[in-house]
Each structure stands twice: as C-alpha cells, then as structure tokens.
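The values are calculated or read from the model by the stated rules, or taken from the named source; none is laboratory data. Note that the structure is predicted; figures quoted are calculated from it, not measured. With ideal geometry, Cβ positions are generated from the backbone for all residues, glycine too; neighbour counts draw on all protein chains shown. Accessible surface areas use protein heavy atoms only, side chains included; no ligands, DNA or RNA. Shrake-Rupley method; radii C 1.70, N 1.55, O 1.52, S 1.80 Å.
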Amino acid sequence: MRKSLTHFIKPKIAVAVACTIMVNGCAIDPKTGQPSFNETFNSSDPCANNARNIGILAGGVLGAVVGHKVDKKAGLLVGTGVGALIGGLVGNEMDRRKCELSKVAKQYNIDLKVQAVDSQGMITGDGEYIDSVKGDPIGSVLTIADKGGDRGHFQHNSDRLTNVAKEYFAAIAQTYNLKKQSDASQDKATKDEYLKLGAKRKLLLVGHTDDTGATQVNADLSERRAKAVAKYLTDLGIPKESIYFQGAGESYPIATNNTDEGRMRNRRVELVEMADEKNFKKFLDARTPKYEYYRTAEAPSPKAQSISKPSTPSTRPVARAKSVPNDSPVKNDFPNIAKRTADAPRPVAAAESPKVQQAGTAKAATKVATAATVSRKGTEIDFGGVPFNQAVAVADVGKIESKRQWISLISTAHATEPAVLRDCSLDRPRAAGAVKSLSTNKPYTNDYMDGLHGKTWTDNVNGHQIVLNKVSVLRSDATVSQLPDFKVYKNYNPSANRNPRPDVETIPQVNTYRGSNGLLYRVFLEGNAGLNCADILFNNSGVAAAKAGKILYASNGQTYVADFKPAIHK
C-alpha cells in the first residue's frame, strides 16, 4: 500500500502544517455545531471547501518539506506558507467549479458527473470529486450524458448544438474560464497564479456514441460533435491553443449496449482537464476501454461453412484507428514482389480517411470494398492448420488492464474475461478518431511503439508467403496510426517467379490490445480466399519477430487455425 506523504514528515514539520490549517479554521458540523474533521475534508455538500482544505494541507506539507531542506527554521515556515497558498488556490478552484457545476446541473436538469484522474492517469471515484482528491489528482473528467431530442446536446444526426445545449455548455464553459477567475481576483499574486494554471492546462473534448449503426459513421459524427463543442468553448473565452478534441465513437463504453439505459449512458460528451502536458500524456497512455462492454461477432462453429464477410463490419482501433500524418518510412512489400501502384493508394486510419474506411453496414461495407481494397476473393487456400478449437485459437496477450480489474486471457475459464478477446472470430472492428489539436487540426502525437513504425512483417505458412506491410502503432494507448496492406502469395517460389502477383491483396481493419505479454494486433480479413482473421502478438520491447500468432481460415467447408508468427523483413 502506498504510504501517505505525512508518513515521511518529521513531527515539527507536521505541527507547522497543522498550524496553517488551524489558521483557516475547520468547518462546522450543522448537527453538532462543533468543528468537524469530516465536514472540513470530506463533506457531501457540493459547495463545501473540501478540496481547498486538502490542497492547503497537501501544499503546506510539500512546501514544508522543501523549505525545511533549504533552511530548517525559516525555510520551514516560508515553505509551509507558500505551499499552502498554491495548494489552497488549486483546491479552491476545484471547489468553486464543483459547486458551480452542481448548480448548472440543477438549473438545466442535465445528468452531469465529475471524476478525478489520479497520479497514475486513471479515472477514479464514482462521481464525487472528494473521492479522488485523496488520491493526488492530476486532473478531472466531466461527463455530460446526452438525453436526446430537444433536451439533448445536438440536433438529430448533426453536429449543431441544440438551443438548450448552447445555454448549459456556455454555463459549463464559464466554470473553466481561468482568465475570468484571474480578472475577478483583487490579489496580484492570485491573478498571476490563475494565469499560470491556464497557460499549462490542457482541455480535451471527447464525443462518445453507443455501438448501434455504422461504427465509422458513429466515429465521424462523434468527432464533428466534439470539435463543435471545442469551438464553442473558444467563443466563450477559453484559449484555442489549450483545447483538443476526439471522436471516440463506440470505443469507450461505460455501460452495456444491450439495454436502452446503457446505450443512453454511452452517448455522452466528456471534458477532460489536465494540469499540464506531462499529465495529459499520462492520462492518454493510461486510458483503457472497458472491454467487458464490447459486443461480440458471431463465432464460427467447428464445421462452419466457408467464412464469409461479416454482416456488420466496422472499424475499431483499440483499434480505434487514430490517424497521424502519413509519414511512415516507405519500404518494399517483399523482395521482388510487386509493390502497390500509384493508382491504388493505401488509405490511412479512420479519422484521416473517413470515407474510405470501413463502415458498420453491409451496404457501406460494399462501398469500402470498392474504394479501399483491390482484393480478389479467389479460391480457398490451405495453410496447413488444425480444425478450429478455441483453446488453440487464442494468442495469449496476458493481462489487460480494464480500469480497476485485471483480465487474464490465458484460458476461457475466467469469468471476467471479455468474450471478444478469446479469439479473433468473436471480435469485430470498431472505429474512433485521433486526439487532435483544435488550433492545428492535427493529431496530438506521432510517437510510435518500438519496431512498429511503417515496418513490413512476413511469414511463410505451409508454403504460402503472407506479407503485412506498413504496420504502424502509436505508443499512446497502442492505437493504429494507419491501416496495413495484407497480401498472400500462394505457393511462393521466388526462384521460379521473381515478381508474382499476390493471390490475396486487401487493406484490412485492425484492432489492437496491449497486454502484459505484448501487443495483440488483430486483423480482420473478411473472407478473402477463405481467410477470416488473424492475431499477431508483437513483443512490447520491439523484438524483430512476433512472439506468437494465429490465423483463422476456411478450407473444404471447415474452419482451421494455423500458427502465424511474422518477422520484420530486412
């Protein structure tokens, strides 16, 4: 268990800090009329000064420690005072906003919840701000549920705010306007501190949907809506340079999509506030979807007919394919194998090429097949596998963190294991956009995982050469930056034919899952030459060969599983 900061403080320092708190006084319990520790630090009143008091205490303790090292006497008192001032200011801002937001929620009858982000970048608490103040918060997440209709955020199938949404988003925006708070202060030091807070702060608007309808349409619409709210905040005085937006689509559910109530909860807008750049990155890296809420695709039976294209293909990178500029280093697909021609451009991930990316209906999928792939269905290819069995179809990614619980993928016996992760046939693509800067409209980051930046990976499976070209995965929550090329050269023999045409050539959708054993890179192949899907387990440390992999395919009316362990082509 993590020890509190005061555990390491000498008694004299603790006394000095306590004196600082005593000067501010304790809150009075309305029932007893006496000073109350609980009312001072853990009141249920949304307009209480809990965060301010905790900020004074925490800031005073930290300031006292630093000051004590500099000067054991004078430094102790000065450090305590300065630390308490800064901590109190930050805490006071938290208290002020919590109180004002509670009033906004009541005035407009909106479902509004505030949670904090702890020092590890994880969202904590159940909506009571004080829950996470105890955990050294580095930011907060405001969630505003969309009630739909005239009381919803947006007009039907549009990114235009409803009239009532303009009113409550304007009220919410004012609670985040630090310049306004600075102007209202009469103390110059406080004014300056507010401006410093505002200069470092990062705000992220995230649009979310349920998982009904076309997943790419959902992702695109949620991005436009998040951007619309972000722009609205700038109109109300919040600096454009500090604002980011993202269309997360269906990728971050907070409830089941099997009920009307759950779907309504998933349709929401989030406003993430982080103290600075470092903590903003920490939050993005720590985000993990609740995979237990992902609905599965239909699994093939052991004697399934030839696998066909899924009826509801979508795209999802956690897989949430988040785009970055298409600047990956260009490499040949494979030695002496024909490269993609100029008239067959390769689309990037969902957010950068929304009209080319896959959608969630059969009709939309047909359009995608025309625009984004030059696949030839061809005849089924035998990859020398064994009859389908879920036990042998699993690529062991290890443990994946889903907020507060650990999920093991070692076997299917774990009750908490999300079904979509058991094997690739149970999963389906899901789409989401990148985190983008409002001022530049460009993705926030282009930092890639080791060995996964525009690389070509290949493996020979039962005499057939499989090539996965331009594999690129961002380090931030392991998202796909652009979609790969997938090619199969049947009975590959370079000595007989140095420039063969691929028997299968497609641009598949991809999901990714980062686990303790590595990165699971899941490819959806939609029935090309009998191919269903493939799982590749890349090493987290960037080793040049995959740790493991499986490919599912149909041959002679039966589903098979074969090992598929590609390595980087040199």
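Of note:
- Checked against (1) touching a Leu at 6+ places or on another chain (Cβ under 9 Å); (2) open to solvent by 10 Å² or more (accessible area, probe 1.4 Å), Phe486 passes all but a single condition, namely (2).
- Here Gly398 passes the criteria (1) open to solvent by less than 10 Å² (accessible area, probe 1.4 Å); (2) out of contact with any Lys or Arg (no Cβ under 8 Å at 6 or more places or on another chain); (3) at pLDDT 90 or above except the one numbered (3).
- Restricting attention to the stretch 418-453, the residues that are basic (Lys, Arg), modelled with pLDDT under 90 and within 17 Å of the chain's Cα centre (by Cα) add up to 1.
- Members of the stretch 237-288 found to be open to solvent by 10 Å² or more (accessible area, probe 1.4 Å), closer than 15 Å to Lys202 by Cα, of a type outside the set (A, V, I, L, M, F, W, C) and not in a helix (DSSP H, G or I), listed by number: Gly237, Pro239, Tyr244, Glu270, Glu273, Asp276
- Scanning the stretch 154-168 for residues that are in a helix (DSSP H, G or I) and within 25 Å of Thr212 (Cβ to Cβ) gives Val164, Ala165.
- Complete set of residues in the stretch 152-175 that are of a type in the set (S, T, N, Q) and either at positive phi or open to solvent by 30 Å² or more (accessible area, probe 1.4 Å) (or both): Gln155, Asn157, Asn163, Gln174
- Count - residues of the stretch 97-132 that are touching a helix residue (DSSP H, G or I) at 6+ places or on another chain (Cβ under 7 Å), in a helix (DSSP H, G or I) and modelled with pLDDT of 85 or more: 4
- Pairs, first free of Cβ contacts under 8 Å to residues at least 24 places away in the same chain in the stretch 145-160, second in a loop (DSSP other than H, G, I, E, B) and of a type in the set (S, T, N, Q), C-beta under 7 Å, six or more apart: Asp150/Thr162; Gly152/Thr162; Gln155/Thr162
- Extreme residue, least open to solvent (accessible area, probe 1.4 Å), among residues of the stretch 545-556 that are at pLDDT 90 or above and part of a loop (DSSP other than H, G, I, E, B): Ala546
- With respect to the conditions (1) touching a Ser or Thr at 6+ places or on another chain (Cβ under 6 Å); (2) at pLDDT below 90; (3) buried (at least 18 other Cβ atoms within 10 Å of the Cβ), Leu178 lacks only one, and its number is (1).
- Of the residues making up the stretch 189-224, those that are open to solvent by 10 Å² or more (accessible area, probe 1.4 Å) and assigned to a strand (DSSP E or B) are Lys202, His208.
- Residues that are over 16 Å from Ile254 (Cα atoms) and open to solvent by 20 Å² or more (accessible area, probe 1.4 Å), drawn from the stretch 139-151: Gly148, Gly149, Asp150, Arg151
- From the options Thr209, Thr215, Thr256, residue that is in contact with a Pro (Cβ under 9 Å, 6 or more places away or on another chain), closer than 30 Å to Arg430 by Cβ and either without any contact (Cβ under 8 Å) to a residue 40 or more places away in the chain or not aromatic (Phe, Trp, Tyr) (or both): Thr215
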